[in-house]
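Take a look at the structure set out below.
The values are calculated or read from the model by the stated rules, or taken from the named source; none is laboratory data. All values reported here derive from a predicted model rather than from experimental measurement. Reconstructed Cβ throughout: ideal geometry from the backbone, glycine too, with neighbour counts over all protein chains shown.
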Amino acid sequence: MARQVFTIEEISAMLKATSAPTRVIDKFCEQARFVTTHKQERETTTGEDDVDRITVSSSFGQKTQRGLVEFTLNAERTQMDVRKAREVGLMLIECAEAATSDEMFVTFVRQKFNLNDPQAIGMLLLDLREIRQGTREIAWPAF
């Protein structure tokens with residue numbers, strides 16, 4: 001299940017719906033804006049943005065009584081069963097290999113044939129994708 005993310009306005013509306021005092025709602029909104037502003041400043045000055053921040057951990061489902069894998073990409077968190085995690089892992093490895101192959105091919109074409117037209121290179125990569133996986137579209141594994 002992906003982590004729920006709410007805006008300050010949505011949380012404020014929920015607090016109002018629960019009859020929270022106005023002063024509490026106002027104080028919450030003030031603090032939330034303060035934290036958001038300082039978080040953005042910290043990320044800008046430290047260079048720590050949320051691009052490609054990945055964490056993976058094992059977990060155990062109390063309801064399912066089964067092992068789970070928790071996968072977080074930037075601020076989005078999800079849990080999946082072990083079989084799905086293995087499928088995703090294999091897809092990542094296969095795509096990384098294909099991307100490496102694509103990069104090598106583009107470098108080869110540029111150096112040996114002096115081809116630097118992005119559209120022509122893109123069409124060649126589409127042809128290679130079709131040869132490699134049988135379609136020009138995204139290939140979904142048959143797991």
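Here are a few things to note about the model shown:
- Of all residues in the stretch 52-71 being of a type in the set (Gly, Ala, Ser) and within 22 Å of the chain's Cα centre (by Cα), the one that is surrounded by the most Cβ atoms within 10 Å (Cβ to Cβ): SER59
- Any hit, the stretch 115-127, residues being charged (D, E, K, R) and under 27 Å from ASP52 (Cα atoms): no
- Residues of the stretch 120-139 satisfying the condition of being exposed (fewer than 12 other Cβ atoms within 10 Å of the Cβ) and in a loop (DSSP other than H, G, I, E, B): GLY134, THR135, GLU137, ILE138
- Any hit, the stretch 24-34, residues being in contact with a helix residue (DSSP H, G or I) (Cβ under 8 Å, 6 or more places away or on another chain), modelled with pLDDT of 90 or more and of a type in the set (A, V, I, L, M): no
- A Cβ distance below 9 Å, combined with a sequence gap of six or more or placement on separate chains, defines the contacts here; from the stretch 108-128, residues that are of a type in the set (D, E, K, R) reach residues that are outside any helix (DSSP H, G or I) and surrounded by 12 or more Cβ atoms within 10 Å (Cβ to Cβ) in the pairs ASP127/ARG136.
- Options ARG86, ARG66, ARG77; residue that is in contact (Cβ under 8 Å) with a residue 40 or more places away in the chain and either among the aromatic types (Phe, Trp, Tyr) or within 29 Å of VAL5 (Cβ to Cβ) (or both): ARG77
- With respect to the stated conditions, LEU90 fails to be surrounded by 11 or more Cβ atoms within 10 Å (Cβ to Cβ), more than 30 Å from MET123 (Cβ to Cβ) and of a type in the set (A, V, I, L, M).
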